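Quick note: the coordinates plus some simple rules give every number you see, no bench work behind them. Predicted model, so just to flag it, every value in this text is computed and none were measured. Neighbour counts are summed over all protein chains in view; Cβ atoms, including those assigned to glycine, are modelled from backbone coordinates with ideal geometry.
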Amino acid sequence: MFLYVDYDACQHEPSCKAAECCPTGAITYNTETRKISVNKGLCNFCGECLKTCPYAVFHIVENEAEAKRLDEKLRQTRNTFEYYLKKFFQVTKNIIPYRELEGYLDDFPGIKDIAVLLVDDELKIFIVPENGFDKIKFVEFANKFTEQPVPANNVILLEQIPRTKTGKIHFSQILGQT
């Protein structure tokens, strides 16, 4: 038997519950460095650390080779998860904060439809104008609501804003029109 410790997942604050419950004292926690250490010679593989640790740091495996495979698998999973998490935040940062802004800007006269996106860290406002729409006055109006000034060339006039069947903005199509 072998006790594998996923040190990357370890988040013991302010203490380590597994170290507190270990009946043999195999797991110790250094309060100064905030790190755990495991004396694998003392471990009797009772599994108390597995039950107690809320972060799934401890794993009992058959041998050291299996521990290495587990380590590689956890690292790949963590890297994949971090990649998709970053992608998720890139997408949502382009959508969520600007829905509220759309509501304010939609009140400006002469707007039939509007979509506000963050593209390459610049605010882009896509508008389907009606007769009488004044782009210069709109930019002045929009800048009252935004943290950074919106240049006039970031206000893009379209004949229609592409939408999905459910009415949501079709982002790849709208960005293809710029």
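Observations on the structure shown:
- Cβ-based net charge around Arg78, under 12 Å, with every Lys or Arg adding one and every Asp or Glu removing one: -3
- Computed from the Kirkwood radius of its Cα pairs, the Stokes-Einstein diffusion coefficient for region 2-61 at 25 °C and 0.890 mPa s stands at 218 µm²/s.
- The alpha carbons of the chain give a radius of gyration and a Dmax of 27.2, 81 Å, in that order.
- Residue by residue, region 73-80 carries 3J(HN,Hα) couplings of 5, 5, 5, 5, 4, 4, 5, 5 Hz when phi is fed to the Karplus relation 6.51 cos²θ - 1.76 cosθ + 1.60 (θ = phi - 60°); x denotes Gly or Pro.
- 3J(HN,Hα) along region 126-131, derived from phi through the Karplus expression 6.51 cos²θ - 1.76 cosθ + 1.60 where θ = phi - 60°, amounts to 9, 10, 9, x, 9, 4 Hz, with x in place of Gly and Pro.
- Flagged links, alpha-carbon separation over 25 Å, of Lys112/Lys135; Lys137/Lys165; Lys135/Lys165; Lys144/Lys165: Lys137/Lys165; Lys135/Lys165; Lys144/Lys165
- 14 Å tail of the calculated P(r), region 96-176, as % of Cα pairs: 60 percent
- Net +/- balance of residues flanking Cys49 in space, Cβ distance below 14 Å, scoring K and R +1, D and E -1: 0
- Dipole magnitude (debye, nearest 20) for the chain, charges at Cβ of Lys, Arg, Asp, Glu: 340 debye
- Local net charge near Phe141, Cβ-Cβ under 14 Å (Lys/Arg +1, Asp/Glu -1): -2
- Working from label points 7 Å from Cα in the Cα-to-Cβ sense, the Leu70 to Asn153 distance is 5.7 nm.
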